[in-house]
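Worksheet for the structure shown next.
Computed from the coordinates by the stated procedures, all read-outs in this text should not be read as laboratory data. Everything numeric here is computed off the predicted structure, so don't read it as measured data. Positions of Cβ are backbone-derived with ideal geometry, glycine not excepted, and every protein chain shown enters the neighbour counts.
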Amino acid sequence: MITVMGATGHTGKRIVDSLLKAGEPVRALGRSAERLDALRRAGAEVLVGEPNDGAYLTEAFRGAEAIYSLLPYDPSVSDYLGQQAAVGEAIVQAIQGSGVRRVVALSSVGAELATGNGPIASMHAQERRLRALPGIDLLILRAGAFFENLLPALELIEQHGLVADGMGADMQLPMIASKDIADAASAALLDPSWHGLQIRELLGQRDISYGEATRILGERLGRPDLPYVQLPYGEMAGILQEAGFSADLAGLYAELARGINEGLVKSLEGRRPANTTATSFEAFVAEMVS
């Protein structure tokens, strides 16, 4: 049996579906019984609880051969890194208390950095916690930026006729479809042959800039001249707050944009076949934008 955190999210739902199709018993975790119900009907055992509850996670991990762990994302929390630390500590407590020995953990490109990487600092801290645990097999998946993070740009396009962010228009960065991350995680969860500590980057089909992504979106939407505007970091943070992000997280994202622009947040491995995945941004946009 395999336990999957964030089972209704971008990566978790696809992982649960893949494991069930492979005939693997699955325990799906989430905060909402309503959202988990479809997975229950598909054959998963579901457990509802809060990810910062160590006792809940301990019970959820108990008896599992492996777990998929992540730090759930909530843009509204006032102390983002503090909230992420509470969840991370609960995960570690539950691994220790449950006796689970195989962990596939979602992280991010740039998580080797303790500072200057905005919200990714929480994943740096979590990697350190997990790596300190004795006697477990641990695979850390450091993924590029999710394609799905660009979907809010559709509202900006509709309202203002442009795409805007803090990233330089020509700054190339690894971006990836969440389904490609899920497929890599599913394969690892089903593969008993790997052992010890492994860190693997997942960089998407190719590096892509916000300028190029804007052009691809514009062509799909019938707006071939759609502009991309690079915002000053403070203005970027302000727009994020208007969209519902806490001031704390908005500031962290501005810090991340600066870190990317200045070459601090980047792939360590460099692109190679093992960390390149199948889904292009063009294919993602064609699927998501009708």
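Results, tabulated for the structure shown:
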read-out	value
Residues Val285, Val16 arranged by fewest to most Cβ contacts within 10 Å	Val285, Val16
Angstrom value of the Kirkwood radius, inverse mean 1/r, which spans all Cα pairs in the stretch 23-63	10.5
Straight-distance crosslink candidates among lysines, where the alpha carbon sits under 28 Å from Lys21 and sequence neighbours closer than 8 are dropped	Lys13, Lys179
Alpha-carbon gyration tensor eigenvalues x 5, square-rooted, for the chain, Å	32, 20, 19
Base-10 log of normalised Debye intensity for the stretch 90-198 (one unit scatterer per alpha-carbon) at q = 0.21, 0.24 Å⁻¹	-1.21, -1.39
nm² value of the averaged projected area, convex hull over the Cα atoms of the stretch 1-141	8.0
Cα-based reach from Lys266 at 15 Å (exclusive), listing aspartates and glutamates while leaving out same-chain residues under 8 positions away	Glu112, Asp170, Glu201, Asp207, Glu255
Extension reserve of the Ala187-Tyr73 stretch, reckoned as 0.36 nm per residue once the Cα distance is removed	38.7 nm
Theoretical ellipticity at 222 nm over the chain - DSSP helices of four or more residues, -39500 (n - 2.57) apiece, nearest 500	-13000 deg cm²/dmol
Kirkwood estimate for the stretch 38-108, i.e. one over the average of 1/r between Cα atoms, Å	13.0
Fewest-first sequence of Ile239, Ile15 by Cβ atoms within 10 Å of each Cβ	Ile239, Ile15
Equivalent ellipsoid, the stretch 173-290 (semi-axes from 5 times Cα gyration tensor eigenvalues, Å)	29, 21, 14
